[in-house]
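Asks: This is the structure I have questions about; it appears just below.
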């Protein structure tokens, strides 16, 4: 009876995973065509090149261009919005076939990637807060802070002149965070490519551009060095065709003209109503990843926990190494290592969901191991001795006498771990997992409404965690009463 | 042949030798009390007799079974050796009845009905039939220890080991536990008792063993050990406790 319950639960979890996986392939739908589906990494917040529109669809110059070229050259592709840094790392470690993310062609990048023909001429400009009348040139930056986005041309440019003009660089991973930092006045200015800042200034009316374009690099589509030659050729041919047909200019116009279509301005209630659905989908992902990871963490914890309390010295050592290793590595480092590091070293592609589950399971598994070890060791030795003295074998004594008592001790710690893992899923947004936090980031990238969206996200976490805690508290009470 | 035979028993924890060579026998139906100062090794000695402590050297033979022989099924051997602990070690998540029924049922000795009947009989015998459905946390120390004795008896052992069974009890509860043990002795149970209750040892024991420093120093009838101890250490110990 008990056994069938466990197997039912396992089957239910596996079903949940399978149904969940179908939703893991993020971003835009694949285009019709034949042959291989290319996976294209991109940024999540780089308007007007890529950003989500109100309907949650990825749009922008890069997106429309990719779409048009794929149609022209008849290939299938799938967009993975990972964030700029994650997308570049994903290309380095062969997790994606190509990257289109308003990526400047630089000598340094040419060492690692092959670039297409330039498809956009850019150049770095400086923007300041709308009401800032004191900072008009680089000379006014002395002793001030300047926000930049890591891995961008703006960053490289700011770095090259930082000591000359005496300002400090504040790096962000996300464009909207960079703008927020300027708007709130923490930083006085930001450096970014002209079309991007121009678009932001127009959309949000909070920033203004105060310098001329630096002579800058141009944007290119990138593939891994020596890899995906046919994709690069198709991109170049398609780009030439689009330029000839005038489609290229139409796409550019669509986003850069004075009356360009952008994210429509919304009232706060519209914003909240519109954001609830994508946030709920993100929340669903968060819960799914939490449950699946904890399931595996629990299995790991059982195995290593019993190895740790067991009598075999070698197994005890193995379990100790497991715990020390995965408890000692910060979750974000573990995630980056598993998703980018290992595939790069071994030359294979790791699906995002697998990396995410693996990261969370290993991390939580280490903690669950310690919870189980602690729970078992908290039970008086006399219990085991009394059971053994009656003639019970070690396993039976463990299962019938020690574990049922230990579980009562462990339940509060398990609940704690559940809450921690649920919150930790947000860290996986660093490798592009679109869970609740990342969903919030994506909406902010489009709307620049930090306060409203982060408040919504925080409330969602609070509600879910409160419900789970109350539910577990009730279960705990039942377990205690026996 | 003795029911329990101990030959050259030594026990060390790392470099610390606790038992330094013990030879003795216990006959069928004999009641042996083990006395001695704390740290003398008497509890360790008792715990070697059902191999709760691993034996470093020597042999412990119970019912012609060498407990240290790899061929011996230690779990089977333990079914025949009941043990009562200083701190009772009742299973707190089971009712009193379940505590007693658990081992015979789990080890396939009895079905549920037999186990229940046996448990009720034993509870009646230790005077706790009305506590069958109580949980250990609801019992007094004396009641807990009587349940623990019943639990050990449920496996119908030939030998009973008692490790300071009254040391953790309030003085007014010592009597009820010793009473149960006296009854057992009268019924012919083979018993080894580590105890500080000298009056009980004198009254109930067939033999008294005095241990000190990991050796048996004196071994004789209560009259011999208490009345005319030969060894100086026995004399000095008895002077302190009597």
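The values are calculated or read from the model by the stated rules, or taken from the named source; none is laboratory data. Computed from a predicted structure; not experimentally measured. Cβ atoms come from the backbone with ideal geometry, glycine included; neighbour counts cover every protein chain shown.
Asks: What single numbered condition from (1) within 14 Å of another protein chain (Cβ to nearest Cβ); (2) touching a strand residue (DSSP E or B) at 6+ places or on another chain (Cβ under 8 Å) fails to hold for residue B:101?
Replies: Every condition holds for residue B:101 apart from (2).
Asks: Condition test on residue A:89, is it buried (at least 22 other Cβ atoms within 10 Å of the Cβ), touching a helix residue (DSSP H, G or I) at 6+ places or on another chain (Cβ under 7 Å) and outside any loop (DSSP other than H, G, I, E, B)?
Replies: Here the answer is yes, as residue A:89 does meet what is asked.
Asks: Does any residue of region B:70-77 turn out to be in contact with a strand residue (DSSP E or B) (Cβ under 8 Å, 6 or more places away or on another chain) and within 11 Å of chain A (Cβ to nearest Cβ)?
Replies: Within region B:70-77, one or more residues are in contact with a strand residue (DSSP E or B) (Cβ under 8 Å, 6 or more places away or on another chain) and within 11 Å of chain A (Cβ to nearest Cβ).
Asks: While we're looking at this one, here's another question. Looking at residue A:482 and the list (1) on the phi > 0 side of the Ramachandran plot; (2) at pLDDT 95 or above, which single condition is not satisfied?
Replies: That leaves (2) as the condition not met.
Asks: While we're here: Would you confirm, using the coordinates I've provided, whether residue B:46 is closer than 22 Å to residue A:383 by Cα, under 15 Å from the mean Cα position of the chain (by Cα) and in a loop (DSSP other than H, G, I, E, B)?
Replies: no
Asks: For region A:369-393, enumerate the residues that are assigned to a loop (DSSP other than H, G, I, E, B) and either touching a residue at least 60 places away in the same chain (Cβ under 8 Å) or away from chain B (no Cβ under 12 Å) (or both).
Replies: Of everything in region A:369-393, just one residue is assigned to a loop (DSSP other than H, G, I, E, B) and either touching a residue at least 60 places away in the same chain (Cβ under 8 Å) or away from chain B (no Cβ under 12 Å) (or both), namely A:378.
Asks: Residues being in contact with a helix residue (DSSP H, G or I) (Cβ under 7 Å, 6 or more places away or on another chain) and more than 30 Å from residue A:470 (Cβ to Cβ): count how many of those fall in region A:375-393.
Replies: 9
Asks: Sticking with this one: Determine which member of the set A:470, A:396, A:423 is surrounded by fewer than 21 Cβ atoms within 10 Å (Cβ to Cβ) and within 14 Å of chain B (Cβ to nearest Cβ).
Replies: Result of the check over A:470, A:396, A:423: A:396.
Asks: Being more than 19 Å from the chain's Cα centre (by Cα) and within 18 Å of residue A:273 (Cβ to Cβ) is the filter; apply it to region A:448-467 and report the residue that is modelled with the lowest pLDDT.
Replies: A:449
Asks: Could you please let me know if residue A:345 is touching a helix residue (DSSP H, G or I) at 6+ places or on another chain (Cβ under 6 Å) and in a helix (DSSP H, G or I)?
Replies: Against the criterion (touching a helix residue (DSSP H, G or I) at 6+ places or on another chain (Cβ under 6 Å) and in a helix (DSSP H, G or I)), residue A:345 does not qualify.
Asks: When region B:101-126 is examined, which residues are found to be farther than 25 Å from residue A:393 by Cβ and under 20 Å from the mean Cα position of the chain (by Cα)?
Replies: Residues satisfying the conditions are B:123, B:125, B:126.
Asks: Suppose we filter region A:67-86 for residues that are at pLDDT 90 or above and assigned to a helix (DSSP H, G or I); how many remain?
Replies: Residues that pass the stated criteria total 7.
Asks: A further question on this structure: Among the candidates A:404, A:351, which residue alone is modelled with pLDDT of 90 or more and over 19 Å from residue B:76 (Cβ atoms)?
Replies: A:404
Asks: Now a separate question. Test residue B:165 against the stated conditions and say whether it is part of a loop (DSSP other than H, G, I, E, B) and within 13 Å of the chain's Cα centre (by Cα).
Replies: Yes.
Asks: What residue, of A:302, A:242, A:287, is modelled with pLDDT of 90 or more, within 30 Å of residue A:374 (Cα to Cα) and surrounded by 16 or more Cβ atoms within 10 Å (Cβ to Cβ)?
Replies: A:287
Asks: Let me ask something else. Just to be sure before I move on: is residue A:235 in contact with a strand residue (DSSP E or B) (Cβ under 7 Å, 6 or more places away or on another chain), closer than 26 Å to residue A:91 by Cα, surrounded by 19 or more Cβ atoms within 10 Å (Cβ to Cβ) and in contact (Cβ under 8 Å) with a residue 24 or more places away in the chain in the structure I sent?
Replies: Answer is no for this residue.
Asks: With the condition kept exactly as written, say whether any residue in region B:83-91 is more than 18 Å from the chain's Cα centre (by Cα), buried (at least 19 other Cβ atoms within 10 Å of the Cβ) and modelled with pLDDT of 95 or more.
Replies: Yes, region B:83-91 contains at least one residue that is more than 18 Å from the chain's Cα centre (by Cα), buried (at least 19 other Cβ atoms within 10 Å of the Cβ) and modelled with pLDDT of 95 or more.
Asks: So is residue A:409 at pLDDT below 95, within 14 Å of chain B (Cβ to nearest Cβ), surrounded by fewer than 23 Cβ atoms within 10 Å (Cβ to Cβ) and assigned to a helix (DSSP H, G or I) or not?
Replies: Yes; evaluated as a whole, the condition is true for this residue.
Asks: Given the structure, is residue A:476 modelled with pLDDT under 90 and either part of a helix (DSSP H, G or I) or out of contact with any helix residue (DSSP H, G or I) (no Cβ under 7 Å at 6 or more places or on another chain) (or both)?
Replies: yes
Asks: Here is a follow-up. Here are B:87, B:93: which of them is facing another protein chain (nearest Cβ under 9 Å) and over 30 Å from residue B:222 (Cβ atoms)?
Replies: Testing whether each residue is facing another protein chain (nearest Cβ under 9 Å) and over 30 Å from residue B:222 (Cβ atoms) leaves just B:93.
Asks: Quick check on my filter: what residues within region B:196-225 are part of a loop (DSSP other than H, G, I, E, B) and in contact with a helix residue (DSSP H, G or I) (Cβ under 6 Å, 6 or more places away or on another chain)?
Replies: B:205
Asks: Quick one: residue B:61 ticks every box in (1) surrounded by 18 or more Cβ atoms within 10 Å (Cβ to Cβ); (2) closer than 18 Å to residue B:85 by Cα except a single one, so which number is it?
Replies: (2)
Asks: More than 14 Å from chain B (Cβ to nearest Cβ), assigned to a helix (DSSP H, G or I) and either under 30 Å from residue B:163 (Cβ atoms) or touching a residue at least 60 places away in the same chain (Cβ under 8 Å) (or both), is that true of residue A:364?
Replies: yes
Asks: If you don't mind, another one. Scan (1) at pLDDT 85 or above; (2) part of a loop (DSSP other than H, G, I, E, B) for the single condition residue A:216 breaks and write down its number.
Replies: Going through the list (1) at pLDDT 85 or above; (2) part of a loop (DSSP other than H, G, I, E, B), residue A:216 breaks only (1).
Asks: Hey, does region B:171-190 have a residue that's in contact with a helix residue (DSSP H, G or I) (Cβ under 7 Å, 6 or more places away or on another chain) and in a strand (DSSP E or B)?
Replies: Among the residues of region B:171-190, not one is in contact with a helix residue (DSSP H, G or I) (Cβ under 7 Å, 6 or more places away or on another chain) and in a strand (DSSP E or B), which makes the answer no.
Asks: Any chance you could count how many residues in region B:104-128 are assigned to a loop (DSSP other than H, G, I, E, B) and within 14 Å of chain A (Cβ to nearest Cβ)?
Replies: 4
Asks: Ok, one more. Select from region B:152-162 the residues that are more than 21 Å from residue B:53 (Cβ to Cβ) and over 13 Å from the mean Cα position of the chain (by Cα) and write down the one among them that is nearest to the other protein chains (Cβ to nearest Cβ).
Replies: Taking the candidates together, the pick is B:154.
Asks: Is it the case that some residue within region A:317-337 is at positive phi, in contact (Cβ under 8 Å) with a residue 40 or more places away in the chain, under 26 Å from the mean Cα position of the chain (by Cα) and surrounded by fewer than 19 Cβ atoms within 10 Å (Cβ to Cβ)?
Replies: no
Asks: Scan region B:31-61 residue by residue and report those that are at positive phi and within 14 Å of another protein chain (Cβ to nearest Cβ).
Replies: B:51
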